[in-house]
Amino acid sequence: MAEIQPAELGRRLQGDGEDVFVLDVRHREEFEEWHVPDSANVDVYDQLVDDPAAAKEAFADLPEDREIVTVCAAGVVSQTATAVLAEMGYDAATLVDGMNGWSRVHRHAPVPVDLDGELIQVARPGKGCLSHVLVSDGRAAVFDPSSYVEEYEAILGDRDADLVAVLDSHAHADHVSGGRDLASRHDVPYYLHPADALAVDAAPLEDGETITVGGVDVEVIHTPGHSEGSVSFDVEGAALLTGDTLFHDSVGRVELGVEAGIEDSDVAANAATLYESLQRLLERPDDAVVLPAHDPGSPEPPVTATLAAVEERNEDLQRDREAFVETLASDVPDHPPNFERVKRVNVGRESVPEDELGDLELGPNNCAAE
């Protein structure tokens, strides 16, 4: 049966995508929560499981001049869809590992900032995750890497750069960090704020300290609220790597650590703390490029906005302290899938076998407050 690898589908969609039609056969609510960009949903999951021939009527009007790539959660039921489509005369293939496979796709592009070096944004469109690689004078640092560390190894190799540091802005709740693994491979420090490094052997990040990468200085700003150990990184006033503290259109949620059982604070207190952290960030240069660790859509790098633009369009930044705390403490959206376990892994209280990683991370990130 014909199959297509997630990376190949990603390359084709990055082009004009006119030769491929992505057909998602999951239930409508699952599709609406998380899907491949520009895909179409035909909710025939139950038919494909119970009586595959019953799905033929729903497939009758699909385009005949394009290859159809079928998608489900893990690439199993979509194989049945591909077989049915082939019987009907369509040119069809199954996305290997389905949405699980799509979540492994990474893309990268340089960020347009004025630095004595290069800042590369790495996007993971299937998870909405953004990470960054700073390269200067043959030295490099990686910020918020995914567990697929080969993506960062390739960037370092292409630029003939030596890794000197790996840094996480916080203990993530939506994906397992590759920070410790990547640092260990290169025998360099792995940095995480002590408030989040509960059982992790990490070099501590301290408010106001400077980490030098080649000819570029990176200032650490402790910005708790989303987590007690959240930090942001000011890259010489030209870029602000804000982790999950500040997004372009929202801010980090404040209850995940509490509900995961790894924080003793309460949600309202976290919201008040986050408000103060955001005020510190707003003191930075208006033209600094804000680079968060997530984008709610399926990001195509580089995803950028100046601090001034973010302040103007982000409604959370327009609220006074009282309204901000009330809104974040009371309006709690859906949680990231498996967030309690992901959090425990990233603070060092649990390990996850590599063969379970894909299922653990399956689903949208949902780390923004709105």
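Here are the numbers for the structure shown:
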| quantity | calculated |
| --- | --- |
| Filter result (modelled with pLDDT of 95 or more and outside any loop (DSSP other than H, G, I, E, B)) within the range 270-283 | Ala272, Thr273, Leu274, Tyr275, Glu276, Ser277, Leu278, Gln279, Arg280, Leu281 |
| Residue check for Gln5: polar (S, T, N, Q) and open to solvent by 70 Å² or more (accessible area, probe 1.4 Å) | yes |
| Unique residue being at pLDDT below 95 and within 23 Å of Gly363 (Cβ to Cβ) when the list is Gly10, Gly17 | Gly10 |
| Any hit, the range 16-27, residues being open to solvent by less than 10 Å² (accessible area, probe 1.4 Å), of a type in the set (A, V, I, L, M) and within 20 Å of Arg124 (Cβ to Cβ) | yes |
| Filter result for the condition that a residue is over 23 Å from Leu167 (Cα atoms) and at pLDDT 90 or above, over Asp249, Asp264, Asp244 | Asp249 |
| Criterion violated by Asp286 - all others in (1) part of a loop (DSSP other than H, G, I, E, B); (2) at pLDDT 85 or above; (3) within 23 Å of Val142 (Cα to Cα) satisfied | (3) |
| Selection status of Ile221, at pLDDT below 95 and either in contact with a Leu (Cβ under 7 Å, 6 or more places away or on another chain) or within 28 Å of Glu151 (Cα to Cα) (or both) | no |
| Residues of the range 176-192 satisfying the condition of being open to solvent by 30 Å² or more (accessible area, probe 1.4 Å) and either touching a strand residue (DSSP E or B) at 6+ places or on another chain (Cβ under 8 Å) or β-branched (Val, Ile, Thr) (or both) | Arg180, Ser184, His186, Pro189, Tyr191 |
| Scope the range 94-122; condition among the hydrophobic types (A, V, I, L, M, F, W, C) and modelled with pLDDT under 95; matching residues | Met99, Trp102, Val105 |
| Within the range 130-153, tally of residues that are out of contact with any strand residue (DSSP E or B) (no Cβ under 6 Å at 6 or more places or on another chain) and of a type in the set (A, V, I, L, M, F, W, C) | 1 |
| Residue pairs meeting the criteria (Cβ under 9 Å; at least 6 apart or on separate chains; first assigned to a loop (DSSP other than H, G, I, E, B), in the range 209-227; second aromatic (Phe, Trp, Tyr) and crowded, with 20+ Cβ neighbours inside 10 Å) | Gly225/Tyr275 |
| Residue tally, condition in a loop (DSSP other than H, G, I, E, B), out of contact with any helix residue (DSSP H, G or I) (no Cβ under 8 Å at 6 or more places or on another chain) and acidic (Asp, Glu), over the range 148-195 | 2 |
| Residue ID - nearest to Arg159 (Cα to Cα), chosen from residues in the range 181-220 that are among the small types (Gly, Ala, Ser) and touching a Lys or Arg at 6+ places or on another chain (Cβ under 9 Å) | Gly214 |
| Candidates Ala203, Ala199, Ala173 - the one that is loosely packed, with under 14 Cβ neighbours inside 10 Å and either modelled with pLDDT of 95 or more or farther than 18 Å from Val135 by Cβ (or both) | Ala199 |
| Residue list for the range 128-147, restricted to those being in contact with a helix residue (DSSP H, G or I) (Cβ under 9 Å, 6 or more places away or on another chain), open to solvent by 10 Å² or more (accessible area, probe 1.4 Å) and in a strand (DSSP E or B) | Val135 |
| Close pairs from the range 296-317: first touching a residue at least 12 places away in the same chain (Cβ under 8 Å), partner in a helix (DSSP H, G or I) and aliphatic (A, V, I, L, M), Cβ under 7 Å, at least 6 apart | Glu311/Leu317; Leu317/Leu278 |
| Residue identified as closer than 25 Å to Asp295 by Cβ and not in a loop (DSSP other than H, G, I, E, B) among Leu13, Leu85 | Leu13 |
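To keep it simple, each residue is scored yes or no on (1) modelled with pLDDT of 90 or more; (2) open to solvent by 50 Å² or more (accessible area, probe 1.4 Å); (3) aliphatic (A, V, I, L, M); (4) within 24 Å of Ala171 (Cβ to Cβ).
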| residue | (1), (2), (3), (4) |
| --- | --- |
| Ala293 | yes, no, yes, yes |
| Ala308 | yes, no, yes, no |
| Arg313 | yes, yes, no, no |
| Leu317 | yes, no, yes, no |
| Glu322 | yes, yes, no, no |
| Ala329 | no, no, yes, yes |
| Phe339 | no, no, no, yes |
| Arg344 | no, yes, no, yes |
| Gly348 | no, no, no, yes |
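The values are calculated or read from the model by the stated rules, or taken from the named source; none is laboratory data. What you see is a predicted model, and the numbers here were worked out from it, not measured in a lab. Note that each Cβ is placed from the backbone with ideal geometry, even for glycine, and that neighbours are counted across all protein chains shown. The area values use the complete protein model at the heavy-atom level, side chains included, leaving out ligands, DNA and RNA. Shrake-Rupley method; radii C 1.70, N 1.55, O 1.52, S 1.80 Å.
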